[in-house]
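Here the structure comes first, spelled out in structure tokens, and everything after it is commentary.
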Amino acid sequence: MNKVLEEFQKIGIIPVIALDHVEDAAPLAKALCDGGLPCAEVTFRTDAAEESIRIMSEQFPEMLVGAGTVLTTEQVDRAVNAGAKFIVSPGLNPKVVKYCVEKNIPITPGCSNPSDVEVAIELGLDVVKFFPAEAAGGLNMIKSMAAPYTKMKFMPTGGINAKNLTSYLDFKKIIACGGSWMVNKDMIAAKDWDGITALTKEAVSTMLGIKLLHVGLNTETGDVALPAAEKFAALLGSDVRDGNSSTFVGTMLELMKIPGRGTHGHICFQTNYLDRAIYHLEKRGFAFDESSFKYNAKGELTVAYMKDEIAGFAVHFNQK
């Protein structure tokens, strides 16, 4: 995958927006960035699209701004000249795709059947848009199409919302989902930028699904850890599981027999997608210690510690 598509995979959600008024471009871009999604697919079906892309690209250089609903090579040129970093089309037009490929412009054309996918492969693509996602069979259709095309990945758009988002993203052949529920036209018309920021934050939170898994407390020795664990177990009505390096009280508390990371101990959070969580948390200013990263047999990241303690506790994230 090219760098733009790799960025899509880290972001996870690509806001699809339609703007009728150029003056809405900058505040909407700010609302998306403030909400944690520095990305926008601006549909090219309105008169304001071209200038909106230019404004977003110039005033928010940290954003990944592209053009959607691109139907012709002339529109490709206009979008790219305005600052678009990627092109998305509702269907697969070989002329448009070839034009973009020859000019090294990232493009994800819409495909909804195996024949489209085969044309995309022939044109040198390894990611396509699946559109309209829900109307064309949803996740089951994507899984069925992905089976014979082992190297092809998908970006579904159309009918994606907060309720079905993670069911799509759980399938590893899907790099990201396009959606407009956090930027609906009524909110844009009302200039409800705070509301859009709130919905965007909620979308990222839903995607990452971060929740507290357990708290680890440092003790000096096993002779201290086990009695303390037994007291907590009696308090909480939980079982005690004694291990070599620590003792667990149910699933909530871990008493370390030998002091581990953190002045007082550690806090463990679980997330739906660890790679995406790291990306989004780094955007918020947090740093991770790459030497702490652990991987499974498939090479997938499973554990990651943050560099800095919080209130004397080391913080790490586990892949769900």
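Figures for the structure shown
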read-out	value
Extended-chain gain in nm, criterion 0.36 nm per residue less alpha-carbon gap, residue 241 and residue 77	52.7 nm
Straight-distance crosslink candidates among lysines, where the alpha carbon sits under 16 Å from residue 3 and sequence neighbours closer than 8 are dropped	85, 103, 153
Relative contact order of the range 155-268, defined on C-alpha pairs under 8 angstrom at six or more residues apart (%)	23
Label-point gap, in nm, between residue 194 and residue 98 - each point 7 angstrom along Cα→Cβ	5.3
Principal semi-axes in Å for the range 98-155 [√(5λ), Cα gyration tensor, largest first]	20, 12, 8
Part-to-part distance (alpha-carbon centres) for the range 12-74 and the range 106-145, which is given in Å	23
For the range 194-204, 3J(HN,Hα) per residue [Karplus equation, 6.51 cos²θ - 1.76 cosθ + 1.60, θ = phi - 60°, Hz, x = Gly/Pro]	5, x, 5, 4, 5, 5, 5, 4, 5, 5, 5
Order of 145, 207 - criterion: other Cβ atoms within 10 Å of each residue's Cβ, fewest first	145, 207
Dipole of the range 83-215, positive direction: furthest Cα of 168, 152, 198, with charges on the beta-carbon	152
Shape category assigned to the range 211-319 from the gyration tensor of Cα positions, a/c cut at 1.5	prolate
Within straight-line cross-link reach of residue 294, aspartates and glutamates at Cα separation under 15 Å, skipping those fewer than 8 residues along the same chain	275
Long-range HN-HN contacts of residue 68 with modeled amide H, under 5 Å	42, 43, 44, 88
Violating pairs (Cα-Cα greater than 29 angstrom) within the set 211/307; 98/185; 98/283	98/185; 98/283
Amide H contacts under 5 Å for residue 153, placed H, 5+ residues apart	127, 128
Taking N as its residue count, the alpha carbon Rg of the chain over 2.2 N^0.38 Å	1.17
For the range 3-208: relative contact order, % (alpha-carbon pairs under 8 angstrom, 6 or more apart)	22
Dimensions (Å) - the range 49-93, Cα atoms, principal axes, largest first	31, 16, 13
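Every number here is computed from the coordinates shown, using simple stated rules; none is lab data. Predicted model, so just to flag it, every value in this text is computed and none were measured. Note that we place each Cβ from the backbone using ideal geometry, even for glycine, and neighbour counts take in every protein chain shown.
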